[in-house]
1. Please verify whether L9 is surrounded by 17 or more Cβ atoms within 10 Å (Cβ to Cβ), away from the ligand (no atom under 16 Å from the Cβ) and at pLDDT below 95, treating the condition exactly as stated.
2. Can you say whether G89 is modelled with pLDDT under 95 and either more than 16 Å from the ligand (Cβ to nearest atom) or over 15 Å from the mean Cα position of the chain (by Cα) (or both), as far as the supplied structure shows?
3. Can you pull out the residues in region 196-215 that are farther than 17 Å from I120 by Cβ, of a type outside the set (D, E, K, R) and touching a helix residue (DSSP H, G or I) at 6+ places or on another chain (Cβ under 7 Å)?
4. For region 196-251, how many residues are more than 16 Å from the chain's Cα centre (by Cα), away from the ligand (no atom under 16 Å from the Cβ) and not in a helix (DSSP H, G or I)?
5. Quick check, is D97 at pLDDT 95 or above and either part of a helix (DSSP H, G or I) or more than 16 Å from the ligand (Cβ to nearest atom) (or both)?
6. Of all residues in region 134-173, how many are buried (at least 17 other Cβ atoms within 10 Å of the Cβ) and either more than 18 Å from H121 (Cα to Cα) or touching a helix residue (DSSP H, G or I) at 6+ places or on another chain (Cβ under 7 Å) (or both)?
7. I'd like the residue in region 33-58 that is more than 10 Å from the ligand (Cβ to nearest atom) and under 16 Å from the mean Cα position of the chain (by Cα) and, out of all such residues, is surrounded by the fewest Cβ atoms within 10 Å (Cβ to Cβ).
8. What's the number of the only condition in (1) buried (at least 23 other Cβ atoms within 10 Å of the Cβ); (2) more than 19 Å from A195 (Cβ to Cβ); (3) within 12 Å of the ligand (Cβ to nearest atom) that K61 fails to meet?
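The values are calculated or read from the model by the stated rules, or taken from the named source; none is laboratory data. All values derive from a computational prediction rather than experimental measurement. Ideal geometry is used to build each Cβ from the backbone, glycine not excepted, and the neighbour counts take in all protein chains shown.
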Amino acid sequence: MFRFFRPCLSLFAGFVLSLELSAATPVIIIDPGHGGSSTAGSLSSRSNSSPNNATSPGGLKEKDLTLEFSKILHDEILRQASGKGTRVGVLLTRQDDWNLNFIERAEIANRPDTACVISIHFNADGGGNAKGSLALISARERNANYAADEAFGKALAEACNAGVRQFLPSSRSRGVITDGHLHGGLGSNFFFQMAKHKEIRSVPKCFLEVEFIDNPAVEKALLKSGREEKFRVISRSIAEFLVDWVESGGR
Ligand SMILES: [Zn+2]
């Protein structure tokens, strides 16, 4: 289906600009995972994005939470960059409840000024007891950028979890895991599509799994009352890391 969709890039000063921008401004790509009501892409072309994976005990869907969280994170990055005078752009791959296949997500991320690619997700383990934030990266055997991805993912998961712990003190950062277990050892189709683009092959890329939303304790602590403000506090912690990372020459 044709979409009237053109991603808009926002700069720290709050302007929304077209995609043409000075290459001197690093751009953080925020990808809200999932979306819409049907699978986008196909397994055979390794482009399939499921509409939703995790659901909370009360019925909150991961695809809605990823979008809500990503919009707040977008605003927090720009707010902090503005305060510190750091030049940075933020680009969301989707801004509404639609799904994009992984080819489309990779094409949006494929820019000469991309500094990093972060796909936002919420986790579930099926047991309802797990807690913690983690980053998922492409496995070493397929990833020339493994060391940088690992360092970036670890710091990102820790920054996220520092925010989460304000509301759920028993949560911990689980650090970094790799995609080696996915698709029979082939790894994530998201990273497979991203790796096709030379421009972004050497920038840090990861999934950030904010928390396990099938855990009733996580749902109660984070997702019910005051969710927007809680997401803002968590996003502030992530944005502090990201803006410092860009400022220190992350790319
Ligand atoms: Zn997900």
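1. Yes: the conditions hold for L9.
2. no
3. Within region 196-215, H197, I200 qualify.
4. 11
5. Numbers: at pLDDT 95 or above: yes; either part of a helix (DSSP H, G or I) or more than 16 Å from the ligand (Cβ to nearest atom) (or both): no.
Criteria not met by D97.
6. 19
7. Only one residue tops the list, namely P51.
8. Of the numbered conditions (1) buried (at least 23 other Cβ atoms within 10 Å of the Cβ); (2) more than 19 Å from A195 (Cβ to Cβ); (3) within 12 Å of the ligand (Cβ to nearest atom), the odd one out for K61 is (1).
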